[in-house]
């Protein structure tokens, strides 16, 4: 990866390249990732142990994902599969650690967490105590993820992640092969750059080998819905669009607030019955919130939208020229946790964007009638 800075100018000829830096030691890389677990993968991870003593050795970092699965991080300075960590060991070590952790129940994991707290408070690791949100593991999990997990629901799966400054092609190929064999293995690059003017450093991350989180989502979880948030957003948007869509309450127009993708169908006579406005809230499983205009088998409605794409695009919407049913028009917010949805500002922004989508669509359909 190469990184450039344009400064205050949009002139491509003035781009300055960031200088790639190298971590001096694997412990430095480990401390950076320990202190900043938000850069690990594309999801929220809670680090609860560092270099615990297991039968196969000392895993670098152990984390929990939002489902309570254990995540083993094997770190490598420089290129994966080189030096002391051959292509064989860079893959076998996390498997050995995951195998050793497989029988661990909640009490075993909490013991690791207690030892981790002592290490941090004694100054053994160059990280601060903000990484310890509570005294017990279950309370820490609730603080980080905003949900309570039963003791028996911890460690349903053991995930493995190889982290290196550069993931070699051989490592990536081997990791994908092991994925195909049923292992929960990912690979991520973490690179450090110095800014052109020397004012600071920038960390970049790329998940090179990934999989859909449904592979490690326990059956108890299913596909979560956010009925209260859905209803709140619709109710905030409704006063702005009631005169356009009809109904005496928004609940009359929405199929179900607790649906994974609740949809509003307008009662306006000029709005095609084939058109629906949908809301998709899935921060924890999909990393996004999205509002869309969907069309059910109506070529004329789709063409009308595409012919009037500019007002949508000027308002920040994406208009598809290939999709003819779902997400013909959409606006997406990327978020990998629920926290932004606790803020009125974000709920207002989503509601106003939803209302704007309805208003622009109304202009199209009333103009083309």
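Report the extension gain between residue 86 and residue 180 in nm, rounded to one decimal, defined as 0.36 nm multiplied by the number of residues separating them, less their alpha carbon distance. Length gained, residue 86 through residue 180: 31.7 nm. Size of the stretch 4-216 from its Cα atoms: along the principal axes, largest to smallest, the extents are 58, 37, 32 Å.
The value given for the stretch 106-158 is a Kirkwood hydrodynamic radius of 11.9 Å, derived from the mean inverse Cα-Cα separation.
Taking every DSSP beta bridge with both residues inside the chain, roughly what % is antiparallel (nearest 5)?
Numbers: 41 of 54 bridges.
Given both bridge residues lie in the chain, the antiparallel proportion sits at roughly 75 percent.
Can you give the Rg/Rh ratio of the stretch 227-368, where Rg is from the C-alpha atoms and Rh is the Kirkwood radius?
Numbers: Rg = 14.2 Å, Rh = 15.1 Å.
Ratio value, two decimals: 0.94.
With semi-axes defined as the square roots of five times the eigenvalues of the C-alpha gyration tensor, the equivalent ellipsoid of the chain measures 44, 26, 19 Å, largest first. Relative protection proxy for 65-76, 87-98, 47-58, from highest mean packing down: 65-76, 87-98, 47-58 (other beta-carbon atoms within 10 angstrom). Calculate I(q)/I(0) for the stretch 171-219 by the Debye formula, one identical point scatterer on each C-alpha and no solvent, and give its log10 at q = 0.21 Å⁻¹ to two decimals. Result of the Debye calculation: -0.75. Under conditions of 25 °C and 0.890 mPa s, the stretch 117-198 yields 148 µm² s⁻¹ as its translational diffusion coefficient, taking Rh as the Kirkwood radius over Cα pairs in the Stokes-Einstein equation.
222 nm [θ] for the chain, helices only, -39500 (n - 2.57) per DSSP H run of 4+, per residue, to 500? Mind showing how you got there, number by number?
Details: 9 runs with 121 residues, N = 369.
Calculated from helices alone, the mean residue ellipticity at 222 nm is -10500 deg cm²/dmol.
Below 8 Å between Cα atoms, with a sequence gap of 6+, how large is the relative contact order for the stretch 203-263 in percent? Computed over the stretch 203-263, the figure is 38 percent.
Treat the stretch 301-369 as a sphere of radius equal to its Kirkwood radius over Cα pairs and apply Stokes-Einstein at 4 °C in a medium of 1.567 mPa s; give the translational diffusion coefficient in µm²/s, rounded to a whole number. Approximately 98 µm²/s, per Stokes-Einstein. Against the empirical curve 2.2 N^0.38 Å, the C-alpha radius of gyration of the stretch 65-172 lands at a ratio of 1.21. Within the stretch 137-253, the percentage of alpha carbon pairs spaced more than 24 angstrom apart rounds to 60%. Residue ranges 212-218, 292-298 sort as 292-298, 212-218 when ordered by packing (mean number of other C-beta atoms within 10 Å per residue, highest first). Grouping the Cα pair distances of the stretch 61-128 into 10 Å bins from zero gives a pair-distance distribution of 17, 39, 36, 8 percent in increasing distance order.
For the chain, calculate the relative contact order in percent as a whole number, restricting contacts to Cα pairs under 8 Å that are 6 or more residues apart.
13
All of the numbers you see were taken from the coordinates with simple rules; none came from a lab. Quantities reported herein were computed from a predicted structural model and do not represent experimental measurements. Note that we place each Cβ from the backbone using ideal geometry, even for glycine, and neighbour counts take in every protein chain shown.
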